[in-house]
Amino acid sequence: MILLQATDLCHSYSTGDQQVPVLSGLNLTLHRGEVVMLLGPSGSGKSSLLNLLAGIERPQQGSVKIQGEELLSLSESARTRFRRRHIGVIYQFFNLIPTLTVAENLLLPLSLNGRRAEKGRAEAFLHRLGMKDKATRFPDQLSGGEQQRVAICRAMIHQPMLLLADEPTGSLDADTAAGVMELLLQQVRAEGSTLLMVTHSEALTRHADRVLTMRRGRLEETG
Ligand SMILES: Nc1ncnc2c1ncn2[C@@H]1O[C@H](COP(=O)(O)OP(=O)(O)OP(=O)(O)O)[C@@H](O)[C@H]1O
Ligand SMILES: [Mg+2]
């Protein structure tokens, strides 16, 4: 069953008087429950693609359909609502809100969706990620690995159908990264989420159902 279909995406950035193409007619299909990893050289457009799929940016051309909904025909505010409801994003540098505690950071995506009465879910999630005793801490009182576990919780707390992760272990040491990755994949499989994850680590791709490589603005399936 198809969850996401991106067709003929074209996107470029202007630097001074020049247009630098980043995506040139890119196509992508994601099926429900798939774990897909995305490789490609630095600057090849991986983060740009994730931003387009999340509806954070608009492509200059092409179509992004998620669960049959054409993202590009939505207004900016409708796209934001769609993202809050259906998409979870994990970044390399955690992006937790420094003035909120762990528990408050987690409850934010729920309250943004008008789902207040789900404290239990946040607690259960923290427990599963081995973070139960850290609920009242602030992000700067946590290690990098712990912060990323909270960020994973936050991205998944509202049970999004699509999870986008941009080098989620890119700023962690190898041991911490391995632990965080294991937890992420466990949760993704347990929830039946669909994960598209950017990584520079060929080693991590053994966890993927499919591996794609960004080349010259398009995706190639890797064997
Ligand atoms: N807002 C922007 N304005 C201008 N150019 C941009 C902008 N964002 C990205 N670019 C350019 O687009 C290209 C693709 O960038 P992108 O961040 O998508 O690459 P990436 O594959 O994620 O790289 P990395 O592996 O280093 O994270 C780069 O050449 C970058 O300089
Ligand atoms: Mg990037």
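The values are calculated or read from the model by the stated rules, or taken from the named source; none is laboratory data. All values derive from a computational prediction rather than experimental measurement. FYI the Cβ positions are ideal-geometry reconstructions off the backbone, even for glycines, and counts take in every protein chain you see. Just the protein is used for accessible areas: all its heavy atoms, side chains included, with ligands, DNA and RNA removed. Shrake-Rupley method; radii C 1.70, N 1.55, O 1.52, S 1.80 Å.
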Report task. Show the residue pairs that are 6+ apart or on different chains and have beta-carbon atoms under 6 Å apart, the first residue being within segment 13-28 and among the hydrophobic types (A, V, I, L, M, F, W, C), the second being at pLDDT 90 or above and not in a strand (DSSP E or B). Result -> Val22/Gly45; Val22/Ser48; Leu23/Gly45; Leu23/Gly217
Query raised in the report: Do you know which of the residues in segment 185-217 that are closer than 22 Å to His86 by Cα and open to solvent by 70 Å² or more (accessible area, probe 1.4 Å) is nearest to ligand 2 (Cβ to nearest atom)?
Result: Asp209
Requested in this report: Sort out which residues of segment 43-59 are free of Cβ contacts under 8 Å to residues at least 40 places away in the same chain, at positive phi and open to solvent by less than 50 Å² (accessible area, probe 1.4 Å), and write them in order of number.
Outcome: Gly55
Requested in this report: Looking for whichever is within 16 Å of ligand 1 (Cβ to nearest atom), open to solvent by 20 Å² or more (accessible area, probe 1.4 Å) and farther than 26 Å from Ser201 by Cα here; the options are Asp17, Asp8. Which one fits?
Outcome: Asp17
**Report entry** Matching option when the condition is small (Gly, Ala, Ser), open to solvent by less than 60 Å² (accessible area, probe 1.4 Å), within 16 Å of ligand 2 (Cβ to nearest atom) and at pLDDT 95 or above, among Gly40, Gly62
**Finding:** Gly40
Report task. Could you please let me know if Gly45 is within 15 Å of ligand 1 (Cβ to nearest atom), under 21 Å from Glu167 (Cα atoms) and not hydrophobic (A, V, I, L, M, F, W, C)? Result -> yes
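Take Arg116 and decide whether it is within 21 Å of Gly55 (Cβ to Cβ) and away from ligand 1 (no atom under 16 Å from the Cβ).
no
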Query raised in the report: Got a number for residues in segment 147-171 being open to solvent by 30 Å² or more (accessible area, probe 1.4 Å), more than 16 Å from ligand 1 (Cβ to nearest atom) and over 13 Å from the mean Cα position of the chain (by Cα)?
Result: 2
**Report entry** Top-ranked residue in segment 83-108 [being open to solvent by 60 Å² or more (accessible area, probe 1.4 Å) and among the hydroxyl-bearing types (Ser, Thr, Tyr); ranked as nearest to the chain's Cα centre (by Cα)]
**Finding:** Tyr91
